Amino acid sequence: MREHHLRRELIATIVANQLVDRAGVTFFFRLAEETGADIAGLARAYAVAREVFSMRDFWAAVEALDNQIEAGTQLAMLNEARRLVERAARWLVRSGARGELDISAMVDRFAPAAQMLAAALPDVLRGQDQEAFGERLVELQAAGVPDDLARQVASMPALLYAFDIVVEAAATERSEELVMDAYFDIGARLELDWLRDRILELPRDDRWQALARTALRDDLYRLHRALIRDVFATAGDDGDQPPVDAWLDRNQTSVVRALGVLADVRASREYDTTTLPVALREFKNLLAEGDQLT
């Protein structure tokens, strides 16, 4: 292939076919609309996401279950993988690499963290995310899915955070294991996981609803990363108290207020682009430095 005089055209055709088959015919349009990335950037991001999460092996394992489990279960598993790849590709193009994204370098950078996170699940999860993992695992096992494959599918909603963990570990000069634990800990204790799920449930019936949902989701992910930086910037290294515990104690008054606003939103049962941004704004006020969300 490397010596063929049409190698660029052949590779482009193969990648395009694989991308449409696995990510869907609307992948390019939706992500280009949301991110402004060009086709080359999105294709590279898709290739990175596919390799970071070893999707080819996963697809083969699911397709090997033909006539052994319900076709609907197989489709649901494939859709969860598609969702993970799409979200990962969106993260990558949002990171600023765009068309210059180096596929090999990015895979080398993020794949080990994805494997580390997968091995740590579900123990590293807290609260509703851990419950959701267990429920999905039992559901898939009951449908006849082999245990290892069922665990892989149940892990997919959390695997996206491998990217944030790598970036924040480098930014805070902490180990990826320590950042991973703090990431899920603060997400559960501030109920960011609940807020995330309500944002993901927002309707996308038209272009503006879809873009508003995307903007809220991206704001929440940026907030989560900024909180991790703030935790390690202010926690100190004395080892007397876990970093998240120390940060929560130091910001107790503001945390109580933010959780109170979130409780009011939950009580109202009105989860839309009016109430959810108010809750998100309160959590942004927890940061020691306002410019950490830039």
Selection within region 146-156 - within 22 Å of V52 (Cβ to Cβ) and free of Cβ contacts under 8 Å to residues at least 60 places away in the same chain: D148, A150, R151, A154, S155
Return a yes/no flag: does region 7-26 have any residue that is of a type in the set (G, A, S), closer than 21 Å to Q141 by Cα and out of contact with any Lys or Arg (no Cβ under 7 Å at 6 or more places or on another chain). no
Just one of (1) surrounded by fewer than 16 Cβ atoms within 10 Å (Cβ to Cβ); (2) more than 16 Å from T35 (Cα to Cα); (3) of a type outside the set (A, V, I, L, M, F, W, C); (4) more than 14 Å from the chain's Cα centre (by Cα) trips up R207, so point out which. (2)
Checking V179 against (1) on the phi < 0 side of the Ramachandran plot; (2) more than 17 Å from the chain's Cα centre (by Cα), which single condition isn't satisfied? (2)
Being touching a residue at least 24 places away in the same chain (Cβ under 8 Å), under 17 Å from T73 (Cα atoms) and small (G, A, S) narrows A171, A113, A143 down to just A143
If a residue has to be of a type in the set (S, T, N, Q) and loosely packed, with under 10 Cβ neighbours inside 10 Å to count, how many in region 253-267 make the cut? 1
When (1) crowded, with 16+ Cβ neighbours inside 10 Å; (2) basic (K, R); (3) in contact with a helix residue (DSSP H, G or I) (Cβ under 6 Å, 6 or more places away or on another chain) are applied to R189, the one that fails is (3)
Checking the conditions here, which among V20, V25, V15, V48 is crowded, with 18+ Cβ neighbours inside 10 Å and among the hydrophobic types (A, V, I, L, M, F, W, C)? V48
Does A61 meet the test of being surrounded by 14 or more Cβ atoms within 10 Å (Cβ to Cβ) and either among the small types (G, A, S) or modelled with pLDDT of 95 or more (or both)? yes
Please determine whether any residue of region 72-92 is farther than 18 Å from R22 by Cα, surrounded by fewer than 21 Cβ atoms within 10 Å (Cβ to Cβ) and free of Cβ contacts under 8 Å to residues at least 24 places away in the same chain. no
Members of region 112-136 found to be within 24 Å of E70 (Cα to Cα) and under 19 Å from the mean Cα position of the chain (by Cα), listed by number: A132, F133, G134, R136
Selection within region 117-133 - surrounded by fewer than 17 Cβ atoms within 10 Å (Cβ to Cβ) and aliphatic (A, V, I, L, M): A119, A120
What residue, of A111, A89, is at pLDDT 95 or above, among the hydrophobic types (A, V, I, L, M, F, W, C) and in a helix (DSSP H, G or I)? A111
Return a yes/no flag: does region 151-159 have any residue that is among the polar types (S, T, N, Q), closer than 30 Å to A37 by Cβ, within 14 Å of the chain's Cα centre (by Cα) and part of a helix (DSSP H, G or I). yes
Quick check on my filter: what residues within region 15-58 are closer than 15 Å to V85 by Cα, of a type in the set (F, W, Y) and either at pLDDT below 95 or assigned to a loop (DSSP other than H, G, I, E, B) (or both)? F27, F28, Y46, F53
Screening A263, A188, A182, A233 for residues that are at pLDDT 95 or above, under 16 Å from E168 (Cα atoms) and out of contact with any strand residue (DSSP E or B) (no Cβ under 6 Å at 6 or more places or on another chain) leaves only A182
Limited to region 182-230, what total is found for residues that are farther than 25 Å from R126 by Cβ and touching an Asp or Glu at 6+ places or on another chain (Cβ under 6 Å)? 1
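The values are calculated or read from the model by the stated rules, or taken from the named source; none is laboratory data. Owing to the predicted nature of the structure, the values given are computational and were not obtained by experimental measurement. Don't worry about glycine lacking a Cβ; one is built from the backbone with ideal geometry, like all the others, and counts go over all protein chains shown.
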